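See structure below.
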Amino acid sequence: MNYDPSINIVDLILRKRDSGTLTRNEIASFVYGYTIGDIPDYQAAAFLMAAFLQGMNEEEMLSLTDAMLNSGRVLDLSDIPGRKVDKHSTGGVGDKVSIPLAPIVAACGVPVPMISGRGLGHTGGTLDKLESILGFSTALSIEQYRRQLADIGLVMIGQTDDIAPADRKLYALRDVTATVEFVPFIAASILSKKLAEGIDALVLDVKYGSGAFMQEESRARFLAETLVRVSEHFGKPTVALLTDMDQPLGQAVGNWPEIVESIELLKGKGPTDLKEVTMALAAEMIVAGERAGTIEEAFEAAQAVIDSGMALDRFKQMVAAQGGDVALIDEPGRRTETALTAEIRVPSGVPGVIERIDALEVGRAMITLGAGRMQKEDDVDPLAGCFLHKRQGDEVREGDVLATVYASSDDRLSAAVDALTEAWAFTETVKAPSPRIRDRYVDRSWSG
């Protein structure tokens with residue numbers, strides 16, 4: 001990384017504040033200077049806000065991504081056979097797709113090196129879900145990461161100290177300075193980590209709706225286009241799917257509840273919307289990994305490894321390799337024997353069809369329950385969550401069970417039930433749920 005300690009950070013802040021542009025070397029010097037501690041938080045915060053308010057052009061965004069990518073170690077996995085492919089989701093309520101997706105793709109012969117994150121706010125995190133498996137460690141060294149990928153073709157860990165360290169510092173600062181929702185920052189943050197993994201290709205799941213980070217479809221489309229463009233600038237073939245997260249994805253929300261639902265999908269069961277998204281992303285990854293020539297062939301390959309049990313076996317191999325209790329995968333009910341439970345039922349005097357389950361309200365209820373966090377240092381309750389027995393479009397009668405709620409604390413359980421009850425809306429007209437996959441962006445165009 002080009003680092004010039006003689007560059008005056010105040011001059012950079014002034015120029016960006018006044019709508020000026022910065023050179024590649026100036027942006028690299030800011031990123032590296034902040035990463036090593038030469039630039040204090042208050043000046044970095046001023047820089048972030050100036051860029052947030054005045055914008056960044058394409059070259060500045062590419063320079064920022066490059067500087068963050070090269071702030072730490074960029075892995076070379078070329079000695080491991082096969083095209084390495086990863087997936088990134090922008091997150092949403094009930095989005096546990098990575099957990100069944102990775103073993104499905106790996107069972108089809110595509111190595112999957114996945115570095116994931118934790119939940120914050122109303123959206124959950126893959127690491128929190130995996131760590132609800134007793135003993136499962138997401139804190140592997142790079143050497144362990146490489147060895148496991150070579151041995152079983154699958155590894156799922158958290159960001160290490162030497163992978164894009166600039167992102168860890170800058171994201172924490174963005175989170176407390178109201179500069180998170182800025183597409184150049186989002187693109188640089190996501191891709192600096194993904195490009196450092198050693199992948200050959202990338203598949204993106206960009207979500208919109210009340211349960212997603214970006215609630216407006218137009219903004220999600222713009223983000224998808226930007227992510228694909230930047231990723232391909234760095235030589236990584238990339239495709240993006242646009243998915244609807246206005247309703248919770250699947251029926252389980254929480255950490256261990258979502259692991260249980262992921263296991264069900266790997267057994268060929270589970271809710272149709274979760275399978276729709278998982279299989280669509282799996283097909284894209286299998287084609288990107290050159291283990292199928294068409295999306296249709298890739299779908300068949302993914303279904304075959306589910307039907308044969310190979311995908312579930314691969315998941316068990318990963319759990320065992322990362323220290324998890326494999327017996328729980330065979331008997332997941334043992335994990336929730338100590339959980340407190342409550343039920344939400346259809347109230348009297350409401351119409352008989354579920355019109356909507358507000359994903360944002362469900363996500364907020366999960367925070368109350370202890371399944372999510374509002375601050376990065378917050379602990380999460382691995383057992384906390386809910387199972388939605390009734391979903392959008394279902395006909396219901398007074399007294400029917402809408403959801404079962406799980407927690408480890410009576411106080412949290414009672415508060416979460418009150419909050420979760422507000423998520424349900426009813427109508428008199430039956431309407432089939434819309435497909436989750438709304439569009440596909442590849443070769444710089446939407447397929448429609």
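Tell me which residues, restricted to the stretch 142-160, are buried (at least 19 other Cβ atoms within 10 Å of the Cβ) and out of contact with any helix residue (DSSP H, G or I) (no Cβ under 8 Å at 6 or more places or on another chain).
TYR145, ARG146, LEU149
For the stretch 279-294, enumerate the residues that are in a helix (DSSP H, G or I), over 22 Å from LYS267 (Cα atoms) and without any contact (Cβ under 8 Å) to a residue 40 or more places away in the chain.
Across the stretch 279-294, the qualifying residue is only VAL287.
Would you please name the residue that is surrounded by the most Cβ atoms within 10 Å (Cβ to Cβ), looking only at residues in the stretch 1-21 that are over 31 Å from the mean Cα position of the chain (by Cα) and among the aliphatic types (A, V, I, L, M)?
That would be LEU12.
With the requirement that a residue be at pLDDT below 95, assigned to a loop (DSSP other than H, G, I, E, B) and out of contact with any helix residue (DSSP H, G or I) (no Cβ under 6 Å at 6 or more places or on another chain), what does the stretch 400-425 give you?
Answer for the stretch 400-425, where residues must be at pLDDT below 95, assigned to a loop (DSSP other than H, G, I, E, B) and out of contact with any helix residue (DSSP H, G or I) (no Cβ under 6 Å at 6 or more places or on another chain): SER408, SER409.
Exactly one condition in (1) part of a helix (DSSP H, G or I); (2) buried (at least 22 other Cβ atoms within 10 Å of the Cβ); (3) out of contact with any His (no Cβ under 9 Å at 6 or more places or on another chain) is not met by LYS207; state its number.
(1)
Please list, ordered by first then second residue, the pairs with beta carbon atoms under 7 Å, 6 or more apart or interchain, first in the stretch 1-27 and part of a loop (DSSP other than H, G, I, E, B), second surrounded by 12 or more Cβ atoms within 10 Å (Cβ to Cβ) and among the polar types (S, T, N, Q).
MET1/ASN70; MET1/SER71; ASN2/ASN25; TYR3/SER29; ASP4/ASN25; ASP4/SER29; ILE7/SER29; SER19/GLN54
Select from the stretch 350-380 the residues that are closer than 17 Å to VAL417 by Cβ, crowded, with 22+ Cβ neighbours inside 10 Å, at pLDDT below 90 and not small (Gly, Ala, Ser) and list them in ascending order.
Correct list: MET366, LEU369.
Identify, please: which residue in the stretch 161-200 is of a type outside the set (A, V, I, L, M, F, W, C), under 23 Å from VAL97 (Cβ atoms) and touching a residue at least 60 places away in the same chain (Cβ under 8 Å) and is, among those, surrounded by the fewest Cβ atoms within 10 Å (Cβ to Cβ)?
Top of the filtered list is ASP200.
The values are calculated or read from the model by the stated rules, or taken from the named source; none is laboratory data. No experiment lies behind these values; they were computed from the predicted model shown. Glycine gets a Cβ as well: all are built from the backbone with ideal geometry, and neighbour counts include every protein chain shown.
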